[in-house]
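First comes the structure, then the notes that go with it.
Read-outs: derived from the displayed coordinates by stated rules, not from any lab. All values reported here derive from a predicted model rather than from experimental measurement. With ideal geometry, Cβ positions are generated from the backbone for all residues, glycine too; neighbour counts draw on all protein chains shown.
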Amino acid sequence: MVNLEFKIGSLRFKNPVLTASGTCGYGYELEDFINPDELGGIIVKGTTPEPREGNPYPRMAETPSGMLNSVGLQNKGIEYFEKIIYPRISGFNTNVIVNINGNTIEDYVTLAERIGSLDKIPAVELNISCPNVKKGGMLFGTNPVSAREVIREVRKAYNRVLIVKLSPNVTSIEEFARIAEEEGADSVSLINTLLGMAVDINTRKPALPGFTGGLSGPAVKPVALRMVWQAARAVKIPVIGIGGIMTATDALEFIMAGASAVQVGTAIFIDPESPVKIIAGIKSYLENKGIRNYSDLIGCINS
């Protein structure tokens, strides 16, 4: 028997594999392929105070070993989430975490307070790093002063587990990880997508109407892995690794670099069963190596 459990603060996770926000909707969309209860957690799509139409189509473009997306946080707002979505997902036997987004600090605080009133949502992921919106988003995540302020104000308003999602589009990821820790975050997740671009040479136009989008998939993995390693050495709170995790081997690399858990995103578009396959692969690795607790691997490359 191997133990795949880990904790963020007082919140227990049955295993270290979560879904990344925006890649599986609200989680129930996966039910035709897997049992969501098998996952360590589900991070639902980004939620904003008011409904958002998102960016113009097309919103996705394939790139070598990756994908550009510019969805723009399309969602129906917090009221729709409370009335329609929450009753449907509150019965999942896993940790359901809401990714929250806003244009202003007040937006984030309001969302945190409203999510905090929902008994079956034990944590939020504070998204200060989205590169696909014109207001808020990455503007908070790439400015140390703004990042500190929004995390501080949300922490005051929200008393459950707070995960801060960091942007890779910064000079020093360690600085932002430390800011999150200093302002009371229970964990940091990284990386969000890298800002990228593609051009259609036949139309002589950008592949995305907004010119740029967020790059994800295997192409970003070496960058994500490096940043997770740096962040994990800079803070004592748990780090959640994101970026190009397609297989159990990928996940194990992040764990050995210092991640306490991982989020699977782009892989779900290719194979919706990939998160549970990664869980099985981690378990198999531990059994084959005679390792009882997966936590023994966390950050082991530095020991």
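Brief remarks on what is shown
- Summed side-chain charge close to Val161 - residues other than Val161 whose Cβ falls under 12 Å, Lys, Arg +1, Asp, Glu -1: +2
- Of all DSSP bridge pairs formed entirely within region 27-119, close to 50 percent run antiparallel.
- For region 6-302: rounded, prolate or oblate by the Cα gyration tensor [a/c cutoff 1.5]: rounded
- In terms of packing, defined here as the mean over residues of other Cβ atoms within 10 angstrom, the peptides 153-165, 103-115 line up highest first as 153-165, 103-115.
- Between the C-alpha center of region 211-276 and that of region 148-191 there is a gap of 18 Å.
- Derived scalar couplings ³J(HN,Hα) [region 77-92; Karplus, 6.51 cos²θ - 1.76 cosθ + 1.60; whole Hz; x for Gly, Pro]: x, 5, 5, 5, 4, 4, 7, 9, 7, 3, x, 7, 9, 5, x, 4
- Separation between Cα centres of region 103-126 and region 1-24, rounded to whole Å: 20
- Each peptide among 75-88, 37-50 gets the average number of other Cβ atoms lying within 10 Å of its residues, and from highest to lowest they stand as 37-50, 75-88.
- Value of relative contact order over the chain, rounded to a whole percent, pairs C-alpha under 8 Å and six or more apart: 20
- Charge tally in the Cβ shell below 15 Å around Leu252, where Lys, Arg are +1 and Asp, Glu are -1, Leu252 excluded: 0
- Rounded to the nearest 20, the size of the Cβ-charge dipole of the chain about its Cα centre is 320 debye, with Lys and Arg at +1 and Asp and Glu at -1.
- Span-like helix check, the chain: qualifying full DSSP H segments, with Cα axial length of 18 Å or more and mean Kyte-Doolittle of -0.5 or more, are 144-157, 221-234, 274-289.
- Burial order of peptide ranges 7-19, 182-194 (average beta-carbon count within 10 Å, highest first): 182-194, 7-19
- Amide proton proximity set for Ile43, modelled H, under 5 Å, gap of 5+: Thr19, Ile97
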